[in-house]
1. If packing is taken as the average number of other Cβ atoms within 10 Å across a peptide's residues, how do 350-363, 307-320 rank, most packed first?
2. Length gain on complete extension for the stretch HIS292 to GLU242, per 0.36 nm per residue less the alpha carbon to alpha carbon distance?
3. Return the distance in nm (one decimal) between the two label points of a simple spin-label model at SER429 and GLN376, each offset 7 Å from Cα along Cα→Cβ.
4. Sort the following peptides by mean Cβ neighbour count (other Cβ atoms within 10 Å, averaged over residues), highest first: 418-424, 149-155.
5. Which distance in nm do the two modelled labels at ASP513 and ASN123 give, with both placed 7 Å along the Cα-to-Cβ direction?
6. Distances longer than 18 Å among the Cα atoms of region 87-220: what percent of all pairs is that?
7. Could you calculate the contour length gain from ALA467 to LYS155, that is, 0.36 nm times the residue separation minus the distance between their Cα atoms, to one decimal place in nm?
8. Taking N as the number of residues in region 296-485, what is its Cα Rg relative to 2.2 N^0.38 Å?
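No lab work stands behind these numbers, since they all come straight from the coordinates. Note that this is a predicted model, so its numbers are computed, not measured. In this analysis, Cβ positions are derived from the backbone assuming ideal geometry, glycine residues included, and neighbour counts consider all displayed protein chains.
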Amino acid sequence: MFQRLSRQCPPHKRLAGPRKLFLTAPRPYSSLNAASTLKSEPRRATSRSSLAPGIRSPTRPRFIHNDALPRSDAQKSTIYALSTPPGRGGVGVVRISGPDALKEVWGRMVKPYAGSTSKDLLNPTPWKLYRCRVVHPSTGETIDDGLAVYFKGPKSFTSEDVVELHLHSGRAVIAAALSALSTLPTLRSAEPGEFTRRAYLNGRLDLTQAEGLKDLIDAETEGQRKVAVRAAEGSVRQKFDELRKGVISALAKVEALIDFGEGEEIEEGVYEDAKQGVRRILDTVQGYLHDHRRGELLRSGIRLAIFGPPNAGKSSLLNFLAQREAAIVTPIPGTTRDVMELTLDIGGLPVIIADTAGLRKTEDVVEKIGVERARQAVQNADISICVLSLPDLLEPPKTGTSKDLEHWRELVSPDTYCLFNKSDLLKTSPEIDTEALRMALVPSSPPSSGKENSGNQIMAWRASLIAGSGADEFLTGFSDALKRQFGLSDSTPGSSSSPEVNPIVITRSRHRDHLQSASRHLEMFLEYGPDDVVFAAEELRYAATAIGKVTGAIGVEDILDAVFRDFCIGK
Ligand SMILES: Nc1nc2c(ncn2[C@@H]2O[C@H](COP(=O)(O)OP(=O)(O)OP(=O)(O)O)[C@@H](O)[C@H]2O)c(=O)[nH]1
Ligand SMILES: [Mg+2]
């Protein structure tokens, strides 16, 4: 919950004298002083002092550490780490960053390779790759014959001087290089994520870009890569910067009213302008929040539950998607007893698929537990697909009551995908409207009500997983439907080809928490009238701070720890 305000003027306002603010073209401002107008004399731009502590100019978002601030000990030390995976490989890169990278590491460890007469290495051209010998700084013993490059700060990843040693990636070579570096007294090995942390602290990246970089390194599917690369290149940062800029611009207007006070001249409609702006921002914030957690699901994996009656072909579907015999398939109903999970890449999306026990009434103790687990798996899943035997659906067996046969039905919802399987066993080959059949299965929806899914998309398919007919169409249709649902379709909003429409902005719960907090403060602001501008301004300050926490424009040490601790060492 947000902090309740005491109904008194904030301290930094109490002593503030009248300040002049440049707003827009002079107009009468009726709600404060109907008769007055802004003086026509030139006005100064919004002074930074009129903004609350922690809130900076909307035009130039800056980060908490910059060159003007003294550097901490941690920032001053030179760090090193292996930046590529340990183990055998063609090349292993050891990265060194900090003030001693050039003098200590390059100067003492990078030497001309055997037979070279070049003196270039003594005074290297930045950003140029040199062939060299890498030697031990004390003994001069050759560690490896490799390449070295010097990135002169601030044009480097960390904005500091960086040296990279490209060595042969063998355990002994890398261990010798790291051990040699450890003998240099001003160097220390890097903490996980410390290079990126320095890049952030030096204003090279904001937090969303740093998170994007981490996601890019971790990306296992095309969808994850696409979302991560947008964040890493700064598109997400831009969205949050725009929001914050908008809030601060509204705040400047509200502060103008506070500063001028009653009886002073001020434009008409300033407060209403601010409110209009905040309404627009709130709409955008809520649009980002109502995203069905697409960004978070893309990172963690989308949970898909396969469910349905026994013997319908659920495990066959899992095997078809996995392209291997992952689950046991037999003609005996009740073969699958427990939930079996596999993580697969479907259309570039990471999907955690759960095969479940067939849902039916049973007295078998073990199967009963399996049925209960199946229900829970469907309830906990982000999406579900109901597999049904088409012959059983169209030509139901004569035995058993419909209640016994339809234990699965209560779990079908308008969002459930359906696969009508075993089409090869149909005695005739009727035309089937799969979407109408799907909707007829939704308990609350009357048969043939014509109710369509939200996007009028295909969510049901007819196939035979054994004979293969319709199976490829199902796979293409299903992965397209998932891509559409999670905003990655090339032809729909949110895709990389139309990234500005309905983009994935929130990829972490911390983004969501801060945006929810901002949304609450913006709503509170809108509830205040022009007589309560001091309180209204306070809400905008809270909103701007909350948005700033997403990008790190408002830095808090524990946020930084949370962001960078999951990085690997060397990044
Ligand atoms: N003819 C035909 N048989 C199929 C098809 N798909 C699956 N089967 C068969 O149906 C039987 C049951 O398949 P499973 O995949 O084990 O079905 P299930 O839904 O997992 O069954 P339970 O685990 O018992 O709930 C097996 O003998 C499969 O070979 C199909 O498209 N056509
Ligand atoms: Mg099964």
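1. 307-320, 350-363
2. 15.8 nm
3. 4.5
4. Descending mean neighbour count gives 418-424, 149-155.
5. 5.3
6. 57
7. 106.3 nm
8. For region 296-485, the normalised Cα radius of gyration is 0.96.
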